Amino acid sequence: MAVPYLWLGLFFLAPFVMVLRIALSDAATALPPYAPHFEGFAALRDFLAGLDLENFGLILEDPLYWQSYLYSLRIAALTTLIALAIGYPLAYAMASAPARWRAILLVLVILPFWTSFLIRVYAWIGILRPEGLLDMALAALGLSDQPLRLLNTEAAVLIGMVYSYMPFMVLPLYATLEKLDRSLLEAAADLGATPLRAFLTVTLPLSLSGILAGSALVFIPAIGEFVIPDLLGGPDTTMIGKVLWTEFFSNRDWPLASAVAVVLLVVLVLPLALLQRARLARAGEAGGAA
Amino acid sequence: MTRLGPGLILALVAGFAFLYLPILALIAYSFNASRLVTVWGGFSTHWYGTLLANEPLLSAAWLSLRLAFVSATLATALGTLAALALARQGRFRGRLLFSGMALAPLVMPEVITGLSLLLLFVAADVERGFWTVTIAHATFGLGFACIVVQARLVGFDRSLEEAARDLGATPLVTFWTVTLPLIAPAVAAAWLLAFTLSLDDLVIASFTTGPGATTLPMRLYSAVRLGVSPEINAACTILIGFVATVVIAASLLLKRRQALGA
């Protein structure tokens, strides 16, 4: 039983210590080739004295960095809201469908997730590019013969993000909505509530844990997303994941890339805590029902 | 409620159209004879032919398959052990840290996981290539495998294990003959999930790979950045067909097992 602990300690926890350490070192000393050195405790003191907050200062000073963080938060928030707006009715319809349909509908939601992520983003390039499938469809329907020029815009990034993360929103929502006791809705109707009122006062509050879990599952990975803004977005859509990638692979500034990662982790702590709370709340609900 | 109103049917149709139209469009265009995406030049399997002659792409696909196989096997073995530890040992010391560590890779942005693992490999002076990517994939696959197996263990009847122990089976024999067969569907699902996640990963592989180990997503990514090519459509269609076949076969198998009462 100790094997997975060791594995995780070695390959998950230790790397973060490395990131922190390199984030706190000078660009000159941490450039590749980065020689390994294991100092003793005496050397640890020297090491701590030599720590350097320069990289974090740079992130705070240079607008490129904090604007990228803000922009990532904005895109992640918009993605979450749009995914919720599309995913909630879908999950609700799935949960309301006859029982024998539900398993099939569930597989249909998961299936795109099993096909390559890169392929699905790539498919959107063919749709959104000038004179792509969307322009052709609009022209064929007589709606517009002007190219929309959606590719390389924020709208394209949002479409790609909502599309890719949709299963993460729909699955937790479906799980809570499917367990929802429908007799509560009947009771509300018997007591004279309109369907809208019943939805707002019964269904919505009861599905809150699913909304929270789905939103966190979309929001958290969306902040650090790199591939979608890179392929669908233009030069104005600089998300922080792309900044980290560029610092690392193009500028070869490992300490700065590490510092960007550390700050990104700090930004993620709040939504991660919210997700944990939603999980606990759901576990509590399940325990209460049993 | 067994009948869907028109509003809910619309939600279903619109939702699934959104999920499937891009994939269907891609498949359709892989059979386009014309090189231009905007022009339909008739049905053709020409691009599948050029694909078969694309040596770098094929070797990348072979590498990705081998890598996914090894890393999924590692991830499933470790994830199953982790799930058993979390489900069986109650509140042990460091449980919260351990479950946090097992689940964190699920939500951790890939750029951070990739960067941190690379820095570890560089610090340990390990030569990067097939094995570093395998270790990285096994690490994030572990969390997913752990969740899937844990879900199965929740409804597990422990009296079966106790009966085996009472009849004189050693813990290892009990595990192999009682526990493992009972959780086998979850273990298989976990392996499949870890396998496809590894096959699909671009970011973590890019960070942890070395010279000579270019995976399929890395090849696809550079091809996609260069522009839309019908050959890539063909490659994607094959991949989609492969995954769809495996998933459908797996769910049919599972259904049959359930029908047999196994």
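The values are calculated or read from the model by the stated rules, or taken from the named source; none is laboratory data. All values reported here derive from a predicted model rather than from experimental measurement. Cβ: placed from backbone, ideal geometry, glycine included. Neighbour counts: every protein chain shown. Ligands, DNA and RNA are stripped out before the accessible areas are found, and what is left, the full protein with its side chains, is counted by its heavy atoms. Shrake-Rupley method; radii C 1.70, N 1.55, O 1.52, S 1.80 Å.
Quick notes
- Hey, B:Leu67 aliphatic (A, V, I, L, M), open to solvent by 50 Å² or more (accessible area, probe 1.4 Å) and away from chain A (no Cβ under 14 Å) or not: no
- Whichever residue in segment A:182-217 is among the hydroxyl-bearing types (Ser, Thr, Tyr) and assigned to a helix (DSSP H, G or I) and, among such residues, is most open to solvent (accessible area, probe 1.4 Å): A:Thr201
- Any hit, segment B:243-250, residues being in contact (Cβ under 8 Å) with a residue 60 or more places away in the chain, over 15 Å from the mean Cα position of the chain (by Cα), surrounded by fewer than 20 Cβ atoms within 10 Å (Cβ to Cβ) and more than 9 Å from chain A (Cβ to nearest Cβ): no
- Filter result for the condition that a residue is in a helix (DSSP H, G or I), more than 10 Å from chain B (Cβ to nearest Cβ), over 30 Å from A:Leu184 (Cα atoms) and hydrophobic (A, V, I, L, M, F, W, C), over A:Ile228, A:Ile220: A:Ile228
- The residues of segment A:129-149 that are within 20 Å of B:Phe16 (Cβ to Cβ) and either touching a helix residue (DSSP H, G or I) at 6+ places or on another chain (Cβ under 8 Å) or open to solvent by less than 40 Å² (accessible area, probe 1.4 Å) (or both), listed by number, are A:Leu133, A:Leu134.
- The C-beta contact set for segment A:193-214 (first residue in contact (Cβ under 8 Å) with a residue 12 or more places away in the chain, second residue open to solvent by less than 80 Å² (accessible area, probe 1.4 Å) and not in a helix (DSSP H, G or I), distance under 6 angstrom, 6+ apart or interchain) comprises A:Leu206/A:Leu180.
- Residues in segment A:150-181 that are of a type in the set (Gly, Ala, Ser) and surrounded by fewer than 22 Cβ atoms within 10 Å (Cβ to Cβ): A:Ala155, A:Ala175.
- Residues in segment B:220-229 that are in a helix (DSSP H, G or I) and surrounded by fewer than 22 Cβ atoms within 10 Å (Cβ to Cβ): B:Tyr221, B:Ser222, B:Ala223, B:Val224, B:Arg225, B:Leu226.
Let's see how each residue does on (1) in a helix (DSSP H, G or I); (2) of a type in the set (Asp, Glu); (3) surrounded by 17 or more Cβ atoms within 10 Å (Cβ to Cβ):
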position	(1), (2), (3)
B:Ala136	yes, no, yes
B:Asp157	no, yes, no
B:Thr177	yes, no, no
B:Pro181	yes, no, no
B:Ala186	yes, no, yes
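- Exactly one residue out of A:Leu58, A:Leu73, A:Leu84, A:Leu78 is at pLDDT below 90, more than 16 Å from B:Gly5 (Cβ to Cβ) and either part of a helix (DSSP H, G or I) or away from chain B (no Cβ under 13 Å) (or both): that is A:Leu58.
- Flag if A:Val107 is over 29 Å from the mean Cα position of the chain (by Cα), at the interface with another protein chain (Cβ under 9 Å from one of its Cβ atoms) and either outside any helix (DSSP H, G or I) or modelled with pLDDT under 85 (or both): no
- Total residues in segment A:231-252, condition open to solvent by 30 Å² or more (accessible area, probe 1.4 Å) and more than 7 Å from chain B (Cβ to nearest Cβ): 9
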